[in-house]
Structures are given as structure tokens and as C-alpha cells.
1. Put a dot 7 Å past each Cα toward the Cβ at residue 36 and residue 76; how far apart are the dots in nm?
2. Rounded if a/c is under 1.5, else prolate if a/b is larger than b/c, else oblate: which is segment 221-276, with a ≥ b ≥ c the root eigenvalues of its Cα gyration tensor?
3. Restricting the count to DSSP beta bridges whose residues both fall in the chain, what percent are antiparallel, rounded to a multiple of 5?
4. Take the Cα coordinates of segment 310-455, assign each an equal point scatterer, and use the Debye formula without solvent to give log10 I(q)/I(0) at q = 0.14, 0.20 Å⁻¹.
5. Taking the Cα atoms of segment 341-383 alone, what are Rg (to one decimal) and Dmax (as a whole number) in Å?
6. Return the inverse of the average 1/r over all pairs of distinct C-alpha atoms in segment 288-376, which is the Kirkwood hydrodynamic radius, in Å to one decimal.
7. Rounded, prolate or oblate: which one fits segment 393-447, using the alpha carbon gyration tensor with axes a ≥ b ≥ c (rounded when a/c is under 1.5, else prolate when a/b beats b/c, else oblate)?
8. Beyond 29 Å, what percent of the Cα pairs of segment 228-375 remain?
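Bear in mind these aren't lab numbers, they're just calculated from the coordinates by the rules spelled out. All figures in this text were calculated on a predicted structure; none of them were measured in a lab. Glycine also receives a Cβ, built like all others from the backbone with ideal geometry; neighbour counts cover every protein chain displayed.
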Ligand code: GLN
């Protein structure tokens with residue numbers, strides 16, 4: 001823990017951490033040492049990890065990278081945090097992210113990282129002029145720069161897989177419902193999932209095994225499926241594994257350098273005994289408009305709780321109750337969050353609900369069905385995690401181009417399928433490329449095994 005805290009200090013220019021409490025961490029580490037000495041430590045005994053600032057924590061403040069929650073202190077831990085702590089993990093601190101997890105570059109944080117007076121974009125350790133991806137950008141940067149051996153992230157539309165890809169690490173989003181959402185600040189509840197990010201599939205398997213499991217009393221979408229030991233399958237052979245390669249993931253939008261790295265890793269898989277099978281996911285392109293209707297719709301509803309009464313920020317001066325709501329929300333939310341609340345309120349409004357929201361729900365179902373058709377011919381699906389490598393900070397300022405960059409992670413999110421990104425070489429300017437593996441429901445073990453065999 002001391003080693004990683006020192007590294008976090010040395011690399012504070014990355015902006016990865018938004019909260020560090022050295023005393024708290026070291027007290028946890030000493031308690032872990034005492035348990036280990038008695039032979040009682042859990043599987044993660046003494047392993048220092050850090051949490052995306054979307055998980056509420058009782059020993060550290062929680063902001064969701066929003067001014068709305070600046071100074072907020074949760075009285076309880078998120079279930080994922082409770083489970084990892086129970087397994088012996090020591091918390092190094094809280095990690096920067098996009099405000100309420102909305103974004104794909106970690107340029108939307110409204111909270112000053114440790115060592116800064118004002119909010120900053122998180123920097124990619126491979127090239128500090130580039131973004132680390134997002135929304136779990138602080139998480140990915142921390143692992144890539146070795147400020148933590150492993151961390152938690154959340155993935156609504158790609159926020160674990162895309163930053164893992166941009167920072168050259170491994171990250172997995174499990175099947176929707178595997179990990180409890182209790183204490184995970186809600187963005188789009190039908191999509192939000194927690195998952196680990198680490199240096200290897202092996203580390204992710206260990207963390208994921210400790211994170212998952214039913215939490216039926218606290219999260220109604222939690223699945224009644226027992227926690228699994230995902231490390232048990234890591235050494236299975238992948239001889240004969242059928243890897244589906246979707247044509248739609250290799251179209252015009254894919255940059256040549258990413259394509260070359262992904263093609264080369266698929267060839268590696270063939271050498272390892274896997275069989276490549278051409279497949280089609282015909283509604284891939286529709287996943288962008290569908291997601292950017294459904295996620296804002298759910299966000300507009302979830303974020304209504306931030307009204308200046310129950311949580312966090314409240315405007316200082318106001319005329320009456322309505323004025324208090326308006327000023328509080330105008331001051332507390334950043335531009336991207338406001339944009340999504342407006343889009344969400346619009347697509348849910350009378351007269352537009354059928355045309356947008358319901359239509360998007362129907363196509364979401366078809367996207368999920370397309371995957372089931374594809375899984376008749378293959379065991380896992382492989383393709384790029386993102387169309388390009390990490391772009392320059394400030395280089396993609398219009399929202400639509402940001403949204404379009406999510407095209408390869410959104411389909412699995414909409415279908416609720418598990419997805420993983422593993423390092424697959426480098427693209428232009430030496431920036432990392434991620435290979436995405438998507439599996440059928442509850443196939444996390446298979447995905448982690450396939451990634452581990454490659455690593
Ligand atoms: N980039 C996507 C968005 O902005 C995904 C974010 C996420 O998965 N939290 O919504």
C-alpha cells in the first residue's frame with residue numbers, strides 16, 4: 001500500500017485519483033497484515049486496490065466527478081466495495097471518471113484531482129497529451145501507470161472496455177446483473193454494470209470472482225446466480241474455440257492501425273488453436289442511436305434525485321422552491337450531463353415516447369436477438385474495442401463524434417452480454433489497441449480463459 005501511495009503521489013500529474021486518505025489506507029493495510037499473520041486473510045488479503053468514484057464508500061468521499069456531490073460522504077459502502085473489502089482488499093483511494101460516468105474520454109470530470117486546484121482531464125500514461133478513454137479513465141490510467149495493481153470500474157456503454165483498450169490493460173464487464181448495483185451511483189440502470197480492470201486477465205478473474213453474486217434485497221436487478229471462481233477456467237485449452245468475427249466491426253469506420261493490430265491478434269488466436277468464423281451483427285450501427293436514446297432517458301429519471309434537498313449541492317440564493325431546484329441543477333451539473341437530461345426528458349415526453357423511446361426498446365431487443373443467432377455459430381465474438389486508439393486531449397470536442405466512437409462497445413451493453421478488452425498490440429504513435437471479446441450470458445469464465453491463453 002505504501003509503495004502504491006508513493007507512486008500515486010509521484011504521478012499525480014495524470015489526475016487519476018480524486019481522493020487519497022493515507023491514514024485510512026495504512027490502517028486497513030495493518031488490519032490486513034494482522035489477519036494474514038493469523039492465517040485468516042481472504043483471497044485478496046492485503047491487495048491494494050482503488051475504486052472508481054461512482055461507488056459510494058464510507059471511508060472516502062464520493063463525488064461521481066460532479067460538483068453536485070462535491071463533499072458528499074456516504075454512510076455506507078457499495079456492495080462491490082463491501083465484497084472486495086471482505087475478501088481482504090485494502091482501499092488506496094477513489095479514482096477520477098467522467099461526471100456521472102457520462103463520457104468516453106474522461107474530459108468531463110468536474111472535480112479537481114489530488115494535487116490540483118481545479119478539474120482536469122485525466123491523462124493517458126502512454127502519452128500524457130492523449131485521453132485515457134472513459135468514463136473509467138482514472139481507473140485505466142491508474143493501472144497502466146502502476147498506481148494500483150487492479151481497480152474497479154463501471155461500464156454502461158463501454159466505460160470499462162474502451163479505457164482498458166486506450167491504456168493497454170485488461171478489463172471485463174460481466175453479464176448484466178452479475179454484480180450488484182447497490183451503492184453504484186446510477187446512470188442508466190438497465191445497462192450499468194461493475195467490473196474489474198487490471199494488468200492481466202488473471203488479475204481480473206480474481207477480482208471478478210470476489211465482486212459478483214446475488215444481492216437480491218438491495219438491487220432488484222441482481223441475478224440469483226451464485227458467485228463463481230473465474231480463476232478455475234483460466235488454464236483450459238482453447239483448441240477448437242470458435243471465434244466469431246463480425247463483418248460490421250471491420251467496416252469503413254475502423255482505422256487502419258487498429259485493424260492491423262486486431263487482425264494480427266486474431267491470427268495469434270488461430271495459432272493457439274482457435275477457429276475464426278465470419279459472422280454478422282447486422283444492427284451494429286443502430287446501437288449508437290438506440291443507446292443514446294435509452295441511456296439519456298434512464299439518466300434523466302435517475303438524476304432527478306439531485307434536487308438540492310436530499311444530496312449534495314444546493315444553490316445559496318433562490319426565490320422559492322422551484323427556483324432552488326433550477327439554480328441547484330444549473331450550478332451542479334456539467335454540460336454533458338445537462339445535454340443528456342434534456343435528450344432524456346425529450347424522448348420520454350408525451351408525443352415522442354412512442355417514436356423514440358419505444359422504438360429504441362424494440363431495436364434493443366433485435367440487437368440482443370442478433371447475438372443469439374450469432375452464438376449458434378461461434379463460442380465468443382472478437383473485434384476491436386474502439387475504432388481508433390486514444391485521441392488527443394481536446395481533440396474530439398463535438399458530442400456526436402464522441403458518441404460514434406462507442407459503436408463497438410454498445411451492442412454488448414444493450415444485449416446485457418459480458419465483454420472484455422485485452423491488450424492487442426499497438427497502433428499509430430505507439431498507442432495501445434484493445435481486442436474486445438464478447439461472450440454469451442454467464443460466459444465470463446470462457447472470456448477470461450481466452451484472454452489468459454493469449455497473454
Ligand atoms: N461513452 C459512453 C457514454 O458516454 C459510455 C459511458 C459508460 O459506459 N459509462 O455514455
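1. Simple spin-label model gives 3.1 nm for this pair.
2. Values: a/c = 2.81, a/b = 1.53, b/c = 1.84.
Oblate, because a/c is 1.5 or more while a/b does not exceed b/c.
3. Working: 27 of 40 bridges.
Within the chain, antiparallel bridges account for around 70 percent of the total.
4. -0.93, -1.21
5. 15.2, 43
6. Evaluated over segment 288-376, this radius sits at 14.8 Å.
7. Oblate, because a/c is 1.5 or more while a/b does not exceed b/c.
8. Values: 5157 of 10878 pairs.
I get 47 percent for the Cα pairs in segment 228-375 exceeding 29 Å.
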